């Protein structure tokens, strides 16, 4: 059993615990749409991880002809995105630039994944699903009044250099490529650290109920994007950040529902 | 090789004739059951086509692609029924269960005709596992559609997200039973255990939604 298997097993167990807590939360809350959608979304992700683990045990060292486990990830992104934009969430009327940004960012990601893996069909579908999740997140954050034009500019200015740097790695080699890769990893982990710090600050302050939930979703979005751009131990480290972000999503959701 | 169309006709004709003599819910159940059997045949056609066009081989197609095709094909009549008739919760779950039962019955018939039915224990396992699995996935999907409709969150992503959960569950089952040994035992138990879990989950949700 290597480090990857251990972390996958841990992730699966954490997801199963989150599923059980979410189901308990369903009965504790009165028809909370967010909780029900979150519970079903995490079920999708847990099945995805279970599939990955099972495949690793049953067919070690063989590549999947079709990564069926990704269907679980699609379910997670779609259901979480649907819960963010479903009523009673407020939808701001002009959100064209946010959607355009999400399409551009996702398209860049799809191009990078295809460049790395060569799996056109699955990468395009995953990219479309992730684009929907990013768009839903930005639209709901804007609807809640947290995403001003200045903050949106900051988000764009942080995200686009990452895909640019990753894209550059295709055109250079040797020590320049190693340096660029390292810079990307530092950038991605710095993003995670910043979001974690902000999330801890908002939770400690405890005044803005749904802001912490949005930040947890943002942390998950950033860590997932970064995970897809990582390999080896960096990938595993990002998987751990994803794991933490899902637990934080449950925690913030619980606080939000309790406050309601 | 078996002639699945002939088997379908053979099983369907008595059921179609019986439709003339029954009314109400029984007729609806029978119709949905027949739809489920037809959907199973269509799924087999599509999976066969994908097998030939992708060159993945029969085994890999059954493990990786068939769950996607089968769950999508089962969803289509359910959505058609939902949009056309706007049924109540009870009617929708009955329709879903009938589609799943029809699908599983026809699949089991074809399987038994191909592999033989000499070993009673294996036939029972097949019936308890695949039979329950098809019902569990579509029933869970129907419950999800009811929840989304009640929460006024019925949207394209919500439907696709729900069917994706059915697909990954089905894919996990197919993967587990594809290898002999403890994994297949876990796979055969999975639908029954999930059916129990789903029953209790549904009771909780039904209480919350006054279903």
Quick one: among A:66, A:152, A:38, which has the greatest mean-square fluctuation in a GNM of chain A with alpha-carbon springs under 10 angstrom?
A:66
For region A:172-260, what size does the Cα cloud have along each of its three principal axes, sorted from largest down, in whole Å?
55, 19, 14
With no solvent and one point on each alpha carbon, what is the Debye value of log10 I(q)/I(0) for the protein assembly as shown at q = 0.13, 0.14 Å⁻¹?
-1.27, -1.43
Starting from the Cα-Cα distance between residue A:96 and residue A:165, subtract it from 0.36 nm times their residue separation and give me the gain in nm to one decimal.
22.3 nm
Please grab the % of Cα pairs in region A:1-88 that end up more than 21 Å from each other.
38 percent
So what's the gap between the Cα centers of region B:169-211 and region B:1-38, to the nearest angstrom?
27 Å
Note down the nm distance, to one decimal, between modelled labels 7 Å out along Cα→Cβ at residue B:149 and at residue A:190.
5.2 nm
Grab the beta carbon distance between residue A:240 and residue B:6, set R0 = 56 Å, and tell me the FRET efficiency rounded to 0.05.
0.50
Region A:1-127, relative contact order [Cα under 8 Å, separation at least 6], %:
22 percent
How much length, in nm to one decimal, is gained on full extension between residue A:149 and residue A:57, taken as 0.36 nm per residue of separation minus their Cα-Cα distance?
28.3 nm
Efficiency of FRET from Cβ geometry, residue B:16 and residue B:207, R₀ 45 Å, rounded to 0.05
0.70
For a quick check: sort B:170, A:21 by the number of other beta carbons within 10 angstrom, fewest at the front.
A:21, B:170
In nm², what is the average projected area of the convex hull enclosing the Cα atoms of region A:69-192?
8.6 nm²
Quick one: Debye curve from the C-alpha atoms of chain A, no solvent, what's log10 I(q)/I(0) at q = 0.10 Å⁻¹?
-0.50
Compactness ratio of chain B: Cα Rg over 2.2 N^0.38 Å, N = residue count?
1.03
Determine the calculated [θ] at 222 nm for the protein assembly as shown from helices alone, applying -39500 (n - 2.57) to every DSSP H run no shorter than 4 residues and normalising by the residue count; nearest 500 deg cm²/dmol.
-29000 deg cm²/dmol
Residue order, fewest to most surrounding Cβ atoms within 10 angstrom, among A:78, A:180:
A:180, A:78
Grab the beta carbon distance between residue B:90 and residue A:13, set R0 = 35 Å, and tell me the FRET efficiency rounded to 0.05.
0.40
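The numbers here are math on the coordinates, done by the rules we state, and not lab data. Here the structure is a predicted model, which is why all the values come from computation and not from measurement. Quick reminder, even Gly has a Cβ in these numbers, built from the backbone with ideal geometry, and neighbours come from all protein chains shown.
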